[in-house]
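The values are calculated or read from the model by the stated rules, or taken from the named source; none is laboratory data. Bear in mind that the values here come from a model prediction, so they are computed numbers and not experimental data. Note: ideal-geometry Cβ built from the backbone for every residue, glycine included; neighbour counts use all protein chains shown. Note: areas computed on protein heavy atoms with side chains; ligands, DNA, RNA excluded. Shrake-Rupley method; radii C 1.70, N 1.55, O 1.52, S 1.80 Å.
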Amino acid sequence: MTERSLDMIVGLLAILQAGGAYLPLDPEYPGNRITYMMEDCRVKLLLSQGHLAERIPLKNKEYDIIDLAAPGGEEEMAPAAAENQGKNSLAYIIFTSGSTGKPKGVAVEHGSIVNTLMWRKNHYRFDENDIVMQLPSYSFDSSVEDIFTPLISGSQLLLVRAQQRFDMDYIRELLKSIAVTHFLNVPALYKTYLEEIPGALAGLKHITIAGENFNEDLVIKHYQRLPQVRIYNEYGPTENSVCSTVYEFSRENTGISIGRPIHNVECYILDGNGGLNPIGTAGELFLAGAGISRGYLNNPELTAEKFLRGVQGAPRRGEPIKMVRRVDKTSYQGKHPFVNRSPKPWAFFKKSPPGRRRQKLYKTGDRVRWLPGGNIEFLGRIDNQVKIRGYRIETGEIADRILKHAGVKEAVVLAREYANGEKYLAAYIVSDAKPSTLLPGIREYLSLILPEYMVPSHFIVIDRIPLTPGGKIDTRGLPDPELGPSGSYAGPGSEIERKMVEIWTWILTGGGEAGKIAIGIDDNFFQLGGHSLKAVIMVSRIHKIFNVKVPMMEIFNWPTVRGLSEYIKRSMGDRYIAIEPVEKKSNYALSAAQRRLFFFQQMNKTSTAYNAPNAYILEKEADKEKLQQTFRQLIRRHDSLRSSFHMAQGDPGYAVQRVHDHMEFEIEYNR
């Protein structure tokens with residue numbers, strides 16, 4: 001359990017080198033959840049940073065602690081390479097939300113995750129020239145491929161600290177100073193990057209989107225702003241070692257697809273009777289192959305339910321398989337164009353003949369269909385599992401926790417969508433208590449036992465849960481959440497407050513209509529459904545409208561319109577400080593960084609180590625004169641483009657820079 005740091009990487013590698021399996025513990029998780037995960041895994045050794053280990057409220061600590069930040073810890077952590085480690089040895093355990101009210105641990109073996117890592121290394125052609133900016137939390141399964149693929153490829157791994165991932169100014173400057181070539185991101189955060197700092201992303205080679213479904217608008221915007229950067233969609237559950245399929249978009253094909261299986265992974269789309277579905281017919285996706293995990297830790301019943309034994313392993317291409325279960329008339333009869341098997345007819349779930357091992361299948365619960373070209377389209381879930389900001393959530397776990405609150409009689413949690421397609425959680429509660437006293441307590445109660453992303457954005461108290469004639473919950477009968485004042489309403493008084501209310505309305509409704517809600521200046525942003533990603537958008541819009549940069553931490557310090565408006569007002573008063581130009585001279589002294597680069601260049605004048613060449617394809621005929629005039633205007637405007645560097649006369653160890661009034665410039669054309 002560490003913060004995002006070098007200690008985190010050292011800890012992961014040390015555990016694997018010693019032959020252990022690692023359990024990532026996010027320090028931001030509530031203590032009770034961390035305790036449950038550690039007890040379920042029977043943790044023997046905790047690698048942490050001293051100030052974090054104190055957060056775990058375990059009564060009987062049956063484990064040792066190594067403080068990665070303590071002086072002298074290097075000698076203590078010098079294990080010999082583990083012996084007898086093979087592909088079936090456990091590599092890591094990652095917990096996901098569970099429908100029974102408790103999270104479930106997915107146990108992944110070395111052989112399974114190595115298949116994903118080797119595919120990824122080859123697919124993106126990572127080598128020593130690549131720099132990967134690592135963004136996902138290491139408790140999120142995509143971090144496994146995001147961390148270890150660069151390390152096995154000789155690439156550089158650039159860790160971004162937790163809160164800095166949401167600081168657009170920081171990310172912009174980071175990408176300007178370091179030539180990042182690739183990063184993986186969830187759609188919601190990448191959309192923010194694309195809208196706020198597109199220029200900083202122009203130098204990347206690849207961008208991978210993963211973790212949740214998204215719409216075509218994101219891909220269209222990507223190609224409008226970054227036409228030269230390749231963009232991919234990776235799909236895969238934790239149970240199949242992070243990635244199962246991949247799809248590369250293009251300017252001509254922006255429609256959303258999860259693509260084709262990666263190497264050594266097989267995809268089967270089946271009907272309710274275990275028969276293969278033909279092209280275009282929706283069914284449930286089953287996965288097989290090298291990526292399948294061991295199953296759920298200490299949960300054999302759920303493992304047996306989700307991990308099935310299907311067709312005989314490794315049959316010859318075109319080999320017929322006898323049917324033992326009835327196959328629906330819509331099942332595929334014959335050689336399937338996208339599956340490397342040809343049963344006549346198909347049936348997956350059956351007994352295996354002597355000497356033939358049956359194949360292990362994972363039942364994803366995802367509803368999909370084959371597209372004519374061999375790609376797969378994701379259509380949704382067949383159960384109540386949802387993805388919010390890339391995190392897999394079982395709404396039943398949240399409802400179960402809400403029902404344990406003393407003031408709640410009934411509860412239902414649903415995933416809904418804002419006007420812009422962004423998903424959020426809404427909790428519907430039946431209670432005899434007044435909403436004004438009940439809801440703040442429930443929100444605080446959940447924040448102590450659930451991760452932030454699992455706390456619903458909206459809580460709605462209703463008289464009863466509507467049911468269908470069949471006795472099931474009638475989700476259509478549940479009202480849409482309405483934003484309104486959390487207490488007594490106080491309207492905006494100043495122009496800054498009025499604009500801030502407009503910003504909040506736009507953010508909290510996903511671009512919905514402002515007239516339908518009433519936000520008071522004393523309402524709490526986070527109690528109205530705000531979260532860290534929405535706070536990023538707020539910071540950006542405040543900067544655009546008021547030309548004031550508000551640090552992310554100030555949003556948490558001042559979570560009301562009134563407080564933020566006062567902060568903006570103070571910042572605007574201090575903003576206009578004149579910057580006087582320096583005195584004009586014939587020579588200027590170099591800064592320390594300039595001196596360093598200058599002397600490196602003097603030592604090897606033919607070196608191109610600090611050159612940053614770029615090549616661009618002009619698809620249409622360029623106006624050569626206008627292009628040349630554009631560059632000349634830039635040179636006239638910026639002193640740095642008219643600067644030269646020289647050794648000072650009479651002092652061979654002293655260098656200066658000269659800013660010229662005029663610099664000749666002409667574009668050379670070679671055919």
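Some points to look at:
- In segment 374-386, the residues that are of a type in the set (D, E, K, R) form Cβ pairs under 8 Å with partners that are open to solvent by 60 Å² or more (accessible area, probe 1.4 Å) and assigned to a loop (DSSP other than H, G, I, E, B), at six or more places apart or across chains, as follows: 383/99.
- Residue within segment 231-238 that is within 19 Å of residue 616 (Cα to Cα) and touching a Ser or Thr at 6+ places or on another chain (Cβ under 9 Å) present: yes
Matching residues to (1) under 19 Å from residue 148 (Cβ atoms); (2) in contact with a Ser or Thr (Cβ under 7 Å, 6 or more places away or on another chain); (3) not aliphatic (A, V, I, L, M):
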| residue | (1), (2), (3) |
| --- | --- |
| 212 | no, no, yes |
| 218 | no, no, no |
| 221 | no, no, yes |
| 241 | yes, yes, yes |
| 248 | no, no, yes |
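Results for (1) closer than 20 Å to residue 215 by Cα; (2) at pLDDT 90 or above; (3) among the aliphatic types (A, V, I, L, M); (4) open to solvent by 20 Å² or more (accessible area, probe 1.4 Å), shown as yes or no for each residue.
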residue: 338; (1), (2), (3), (4): no, no, no, yes
residue: 344; (1), (2), (3), (4): no, no, no, yes
residue: 352; (1), (2), (3), (4): no, no, no, yes
residue: 362; (1), (2), (3), (4): no, yes, no, no
residue: 366; (1), (2), (3), (4): yes, yes, no, no
residue: 369; (1), (2), (3), (4): yes, yes, no, yes
residue: 381; (1), (2), (3), (4): yes, no, no, yes
residue: 390; (1), (2), (3), (4): yes, no, no, no
residue: 397; (1), (2), (3), (4): no, no, no, no
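Every residue, every condition in (1) of a type in the set (Asp, Glu); (2) out of contact with any helix residue (DSSP H, G or I) (no Cβ under 6 Å at 6 or more places or on another chain), yes or no:
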{"residue": "614", "(1), (2)": "no, yes"}
{"residue": "619", "(1), (2)": "yes, yes"}
{"residue": "626", "(1), (2)": "no, yes"}
{"residue": "631", "(1), (2)": "no, yes"}
{"residue": "637", "(1), (2)": "no, yes"}
{"residue": "646", "(1), (2)": "no, yes"}
{"residue": "659", "(1), (2)": "no, no"}
{"residue": "669", "(1), (2)": "no, yes"}
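- The residues of segment 603-628 that are open to solvent by less than 70 Å² (accessible area, probe 1.4 Å) and free of Cβ contacts under 8 Å to residues at least 12 places away in the same chain, listed by number, are 607, 622.
- Residue match in segment 473-483 (condition: surrounded by 15 or more Cβ atoms within 10 Å (Cβ to Cβ), under 18 Å from residue 404 (Cα atoms), touching a residue at least 40 places away in the same chain (Cβ under 8 Å) and not β-branched (Val, Ile, Thr)): no
- Per the listing 304, 290, the residue uniquely open to solvent by 40 Å² or more (accessible area, probe 1.4 Å), more than 24 Å from residue 378 (Cα to Cα) and at pLDDT 80 or above is 304.
- The set of residues in segment 409-434 being touching a strand residue (DSSP E or B) at 6+ places or on another chain (Cβ under 7 Å), surrounded by 15 or more Cβ atoms within 10 Å (Cβ to Cβ) and free of Cβ contacts under 8 Å to residues at least 40 places away in the same chain consists of 411, 415, 425, 427, 429, 431.
- Search result, residues across segment 556-570 that are in a helix (DSSP H, G or I), surrounded by 15 or more Cβ atoms within 10 Å (Cβ to Cβ) and without any contact (Cβ under 8 Å) to a residue 24 or more places away in the chain: 563, 566, 567
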